[in-house]
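The values are calculated or read from the model by the stated rules, or taken from the named source; none is laboratory data. If you're wondering where the values come from, they're calculated on a predicted model, not measured in any experiment. With ideal geometry, Cβ positions are generated from the backbone for all residues, glycine too; neighbour counts draw on all protein chains shown.
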Amino acid sequence: MSNAIIARPKTEKRSPLALRQQRGVVLVVSLIMLLLMTLIGVTAMQTVTLDERMAGNAHQRNIAFQTAEAGLRAGESHIQNLDWDTETTPPAGIMDHWDNSTTYLSLAALEAFSWDDNHSQVYTGTLDNRLATQPRYVIERMAVKSSSGGSLDAAGPPSTTESWYRVTARGSGNGSVGDAVVLLQSIFVN
């Protein structure tokens, strides 16, 4: 065999002072990374929570709109069955403004309006039983006028009397906190 010298890598020995200075650097860097990942996670959770709340509110508003629409159709159906000539005292929720004895319900008045049994009619159809309240409606007789029976009224007699009504319906969602409320109005001529 030959007397070859095998070179061994030199291992550098560090002083104990250098080792003490580097021991905490990895810990500090990993804590900073953990803090950043926590902030990203918290932000993502807040965004998801906000999205869920917005979707829930949109759902509640949709339910409120649909229940108000049901109340509006019930009020219009009620008008078709209503006979003002035989009604001495209209039932609750039916207001005759034709005699100008009272003022019409403005938007501000509707917001403060008492939607109870003494002032409005309740929808009696079948809806979701989880609703906070059934839809309600109010009928206002706005005017009575004679119509000449023009070309748009070809099916009617040459001269008729029309009653104009405004139906206002209130529907609410089925949420337990902060129910969505929708008011809808229609003008109905009978």
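A few notes on this one:
- The one condition from (1) modelled with pLDDT under 85; (2) touching a Pro at 6+ places or on another chain (Cβ under 9 Å); (3) among the hydroxyl-bearing types (Ser, Thr, Tyr) that Thr67 does not meet is (1).
- Close pairs from the range 90-114: first part of a loop (DSSP other than H, G, I, E, B) and surrounded by 10 or more Cβ atoms within 10 Å (Cβ to Cβ), partner at pLDDT 75 or above and of a type in the set (Phe, Trp, Tyr), Cβ under 7 Å, at least 6 apart: Gly93/Tyr137; Leu105/Phe113
- Yes/no for Asp51 being over 23 Å from Val182 (Cβ atoms) and surrounded by fewer than 17 Cβ atoms within 10 Å (Cβ to Cβ): no
Yes/no per residue for (1) among the β-branched types (Val, Ile, Thr); (2) at pLDDT below 80:
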{"position": "Thr102", "(1), (2)": "yes, yes"}
{"position": "Leu105", "(1), (2)": "no, yes"}
{"position": "Ala108", "(1), (2)": "no, yes"}
{"position": "Leu127", "(1), (2)": "no, no"}
{"position": "Leu131", "(1), (2)": "no, yes"}
{"position": "Arg166", "(1), (2)": "no, no"}
{"position": "Val189", "(1), (2)": "yes, no"}
